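Below: the structure, in structure tokens.
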Amino acid sequence: MVSKTRLILSDFVVSLMWVWSGALIKIFVFKVLEMEHDSRGEFLKNSLSIMNMFLFSFLGKVTKGGTYNPLTILSSAISGDFSQFLFTIGARIPVQVIGSITGVRLLIDTFPEIGLGPRLTVDIHKGALTEGLLTFAIVTISLGLARKIPGSFFMKTWISSVSKLSLHILGSDLTGGCMNPASVMGWAYARGDHITKEHILVYWLAPIEGTLLAVWTFKLLFRQQKQDEKEKLGKTE
């Protein structure tokens with residue numbers, strides 16, 4: 001019970017910090033350093049974003065699982081037992097959403113000029129397809145890294161961070177390239193459009209479907225790989 005409470009508190013704090021970190025990087029690069037949105041400014045912002053993802057990966061280890069993205073814990077909850085799934089759906093994901101909303105509200109009160117977060121710039125179907133495909137890609141990469149490089153924190157975090165950043169850039173002009181329903185919910189709540197069809201379909205249903213598809217596809221491929229290995233061992237014997 002104590003460990004679950006600690007995990008929930010960690011999710012809240014980390015989710016709040018994640019919203020702030022992304023905004024502070026932009027403020028530092030474009031306001032403090034007064035760099036333009038050219039190649040130099042974008043390079044520095046992206047470099048700081050990768051360093052930021054390393055920081056939050058380290059926080060995840062320190063807090064023994066605290067994270068800011070519902071999709072991360074959803075993919076593992078699907079593979080776990082039913083009690084873990086209920087705990088994830090009923091407690092951890094709502095707390096991540098509350099942490100993100102709290103972070104956005106504090107951020108807007110502190111820096112009113114920061115804006116109101118990512119917005120959908122294409123029609124709802126293209127937006128849903130974009131977020132679904134981006135989520136499918138990053139969840140598949142994360143599952144592969146967890147299995148292929150289990151002991152290398154730096155290498156796993158480096159590949160994961162660069163992959164997330166690349167996918168974010170690909171989708172940034174369409175949906176914001178978020179791949180994080182809780183974070184988007186924070187900004188949408190501030191705008192007052194968190195219960196619209198566009199928000200629910202593009203930033204919640206599509207990423208969840210992408211996550212489910214990635215987990216099931218990965219399980220199917222890995223099960224097939226294990227069967228092939230057993231058949232090879234049987235033939236050699």
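The values are calculated or read from the model by the stated rules, or taken from the named source; none is laboratory data. Bear in mind the structure is a predicted one, so any value in this text is a computation, not a measurement. No Cβ is skipped: glycine too gets one built from the backbone with ideal geometry, and neighbour counts run over all protein chains shown. SASA here: full protein model, heavy atoms, side chains in, ligands and nucleic acids out. Shrake-Rupley method; radii C 1.70, N 1.55, O 1.52, S 1.80 Å.
Descriptive notes on the structure:
- Considering F85, F136, F111, the condition of being without any contact (Cβ under 8 Å) to a residue 24 or more places away in the chain, open to solvent by 30 Å² or more (accessible area, probe 1.4 Å) and either under 25 Å from W20 (Cα atoms) or not polar (S, T, N, Q) (or both) is satisfied by F85 alone.
- Cβ-Cβ under 7 Å pairs, at least 6 apart or on other chains, the range 43-64 side basic (K, R), far side in a helix (DSSP H, G or I): K45/I25; K45/K26; K45/V29
- The range 160-177 residues that are at positive phi, paired with ones that are open to solvent by 50 Å² or more (accessible area, probe 1.4 Å) and outside any loop (DSSP other than H, G, I, E, B) (beta carbon under 6 Å, 6 or more apart): G177/H168
- Across the range 1-26, the qualifying residues are those that are β-branched (V, I, T) and surrounded by 15 or more Cβ atoms within 10 Å (Cβ to Cβ), and the one among them that is farthest from Y68 (Cα to Cα) is I25.
- Residues that are open to solvent by less than 40 Å² (accessible area, probe 1.4 Å) and among the aromatic types (F, W, Y), drawn from the range 174-195: W187
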